[in-house]
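Below: the structure, in structure tokens.
Computed from the coordinates by the stated procedures, all read-outs in this text should not be read as laboratory data. The shown structure was predicted, so the numbers you read here are calculated from the model rather than taken from an experiment. Every residue, glycine as well, gets a Cβ built from its backbone with ideal geometry; the counts of neighbours run over all protein chains shown.
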Protein chains: 4
Amino acid sequence: MYTYRMIIRLQDTDAAGVLFFANYFRLTHEAYETFMAGIGFDFYHMIHEWDYLVLIAHAECDFKRPLHVGDAVTIHITCSKLGRTSFTLDYTLVDDDDNTVATGNSIHACVNKSDLNSIPLPEVLKAELEKLRE
Amino acid sequence: MYTYRMIIRLQDTDAAGVLFFANYFRLTHEAYETFMAGIGFDFYHMIHEWDYLVLIAHAECDFKRPLHVGDAVTIHITCSKLGRTSFTLDYTLVDDDDNTVATGNSIHACVNKSDLNSIPLPEVLKAELEKLRE
Amino acid sequence: MYTYRMIIRLQDTDAAGVLFFANYFRLTHEAYETFMAGIGFDFYHMIHEWDYLVLIAHAECDFKRPLHVGDAVTIHITCSKLGRTSFTLDYTLVDDDDNTVATGNSIHACVNKSDLNSIPLPEVLKAELEKLRE
Amino acid sequence: MYTYRMIIRLQDTDAAGVLFFANYFRLTHEAYETFMAGIGFDFYHMIHEWDYLVLIAHAECDFKRPLHVGDAVTIHITCSKLGRTSFTLDYTLVDDDDNTVATGNSIHACVNKSDLNSIPLPEVLKAELEKLRE
């Protein structure tokens, strides 16, 4: 399990006084991005230098409790499916009172930049994702 | 079916040169927001004056083709489920060559502001959603 | 003078119930982007195909009145300075009661992509900007 | 001087491969927000419980070097003007090679929520801002 902690910013909230629903996906992506950079898959090199990309094919979220500006949220990431060319990450967002505020998942596919065709996941990435299996 | 057309802006894209995945949810919400305002459920009054809210309980999206800055996208909204206290909207995002670039849905629940408990959908909203049934 | 009209969206507001200050710059950029695309300088071609860019060297804004979700705002753009390699755009944001809600400006420089050095503005761009002189 | 460090995220960049100009203001606001929360002026209480607000009357930024996804940036905040009802914060954004990537400032005014009229800054806030004087 990978764990990432962050604070809800004013820019993430909307006029209803709570985190805008689309911004939950920004939160989970920030956690995912930090995980990936930590295992050598930083987005700068992936986007600007490598010949393949890990792109997002699907994303979903269930919103259970509102988050407000200043709230701390802890994001737990596990890998619920690990295939040859794709993988699924599950997210659980927990507040400081240990309430689950949201759950979600995203499906990621490894593709050639030239034609966007699926290619096998790099072995080193598979090995790291294996550690996030539940 | 409700239809809304928009242009992808530079601010919606990311360093990979395409629409950032979380921003698909901003697009569909803009379409939903415009639909709601058009039938008398504008967010200003809902948030600042009424004693109930229509909140988002779930959202998901399948990303099929990249969108780039300047691309036009047409969003078609239908209502695939209409319950007593909640409803589901389905989105299809289509480019100008008639390619489906993404599909998604969101589940909306009508709740009291005071306790966030579910309450029946207003009849006028149900009537308008009925028109979006496939 | 170039004029662009838009509606404030929920995603643009924050928990204080008003447009988040940084999003004024997103509004004015959307107006600028639409102006540029209309005269043949669309960002897709500029970013992905041309060998030069028009980048933003400075931006500022005075916030005079709050904007709320659903508010319409009209953005007027004029060109207050037109140099050999750069130009300044002035923005006035007006609500439907003709109140000025914000004023601002941005300085744009034409640069080579290879070394980011200043180069002369294209003649066709200068001619179009000349039409926006006050 | 107050110092805040952060990482540029994919969501902050645009199709030109660099930080989108309006997002510099999101960065500096995140630094400002964290400073304010640290001295007892957190936005949750300010927005939802107090009878006054500190709002932003002006913001500007000079963009000197591009920032890319994954770049670390350190934001230094000083207080260049401290008045009876308002104050000015200056920002310097520095990368890990000690290059200044941007400079900017924002003017903040203390106002009654009821009528948005200026009121004197709280003494405790003035005392903390005094420590940020150059």
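Averaging the sequence gap over all C-alpha pairs within less than 8 Å and six or more residues apart, then dividing by the number of residues, gives region D:16-103 a relative contact order of 26 percent.
Let's see if you can work this out: charge +1 on each Lys and Arg Cβ, -1 on each Asp and Glu Cβ, no other charges. What is the dipole magnitude of region D:57-121 about its Cα centre, in debye to the nearest 20?
For this selection, approximately 460 debye.
For region C:58-134, the Cα gyration tensor yields ellipsoid semi-axes of 30, 14, 10 Å (square root of five times each eigenvalue, largest first, whole Å). Counted by Cβ distance under 14 Å from residue B:78, the other residues give a net charge of -1, where Lys and Arg count +1 and Asp and Glu count -1.
What is the calculated FRET efficiency for residue C:49 to residue C:134, with r their C-beta to C-beta distance and R₀ = 25 Å, to the nearest 0.05? Computed FRET efficiency for residue C:49 and residue C:134 comes out at 0.15. Dividing the mean sequence gap of close Cα pairs (under 8 Å, 6+ apart) by how many residues region D:74-132 holds gives a relative contact order of 31 percent. Kirkwood-type hydrodynamic radius, the protein assembly as shown: 24.4 Å, calculated from all non-identical alpha-carbon pairs. The two copies C and D are related by a rotation, and the chain C beta carbon nearest its axis, with distance in whole angstrom, is C:60, 2. Each other copy places its own label point for residue D:40 at 5.0, 5.1, 6.2 nm from this one, sorted shortest first, where the point lies 7 Å along the Cα-to-beta carbon line.
Once the Cα atoms are used to define both axes, helix D:21-38 deviates from the longest principal axis of chain D by about 50 degrees.
Using only atoms on other chains, find how many Cβ atoms lie within 10 Å of each Cβ of peptide B:29-36 and report the average. Walk me through the numbers on the way to the answer.
Numbers: counts 7, 5, 0, 1, 6, 3, 0, 0.
Per-residue shielding by partner chains comes out at 3.
Filter C:64/D:113; B:64/B:131; A:131/B:64; D:64/D:126 down to the pairs with a C-alpha to C-alpha distance above 24 Å, please. Write down the numbers at each step before the final one.
On the way: C:64/D:113 15 Å; B:64/B:131 28 Å; A:131/B:64 29 Å; D:64/D:126 31 Å.
Checking Cα-Cα distances, B:64/B:131; A:131/B:64; D:64/D:126 exceed 24 Å.
Where the centre of each part is set by its Cα atoms, how far does region B:93-130 sit from region C:72-134, in angstrom? Answer, in whole Å: 39. The share of alpha-carbon pairs in region B:10-81 lying farther apart than 15 Å comes to 64%. Across the options A:114, A:88, A:77, the greatest Cα extent toward the positive end of the charge dipole of region A:44-134 (unit charges at beta carbon of Lys, Arg, Asp, Glu) belongs to A:114.
Apply the Debye scattering formula to region C:1-127, with a single equal point scatterer on each alpha-carbon and no solvent, then give log10 I(q)/I(0) at q = 0.12, 0.21, 0.23 Å⁻¹. Normalising to I(0) and taking log10 leaves -0.49, -1.19, -1.34.
Before anything else, pin down the relative contact order of region B:1-64: Cα pairs under 8 Å, at least 6 apart, normalised by residue count, whole percent. Spell out each step's value before the answer.
Working: 21 pairs, mean separation 15.0, N = 64.
Computed value for region B:1-64: 24 percent relative contact order.
Here the protein assembly as shown is assigned +1 on the Cβ of each Lys and Arg and -1 on the Cβ of each Asp and Glu. Its dipole about the Cα centre then comes out at about 0 debye.
Distances between copies of residue D:6, taken at a point 7 Å out from Cα along the Cα→Cβ vector and listed shortest first: 1.1, 2.0, 2.3 nm.
Among D:115, D:62, D:96, the largest mean-square fluctuation in a Gaussian network model of chain D, built with springs joining Cα atoms closer than 10 Å, belongs to D:115. Of all the options A:12, A:97, A:42, the one that moves most in a Gaussian network model of chain A with Cα springs shorter than 10 angstrom is A:97. In whole Å, how far is the Cα centre of region B:1-55 from that of region D:27-41? Cα centroid of region B:1-55 versus Cα centroid of region D:27-41: 29 Å apart. What distance in nm lies between label points placed 7 Å from Cα along the C-beta direction at residue A:84 and residue A:112? For the pair residue A:84/residue A:112, the computed spacing is 1.6 nm. Across identical copies of the chain, residue C:98 has label-point separations of 4.8, 5.7, 6.3 nm, listed in ascending order, with the point defined 7 angstrom from Cα along Cα→Cβ. Projecting the Cα atoms of A:127, A:39, A:27 onto the dipole axis of chain A, where Lys and Arg carry +1 and Asp and Glu carry -1 at the beta carbon, places A:127 farthest toward the positive end.
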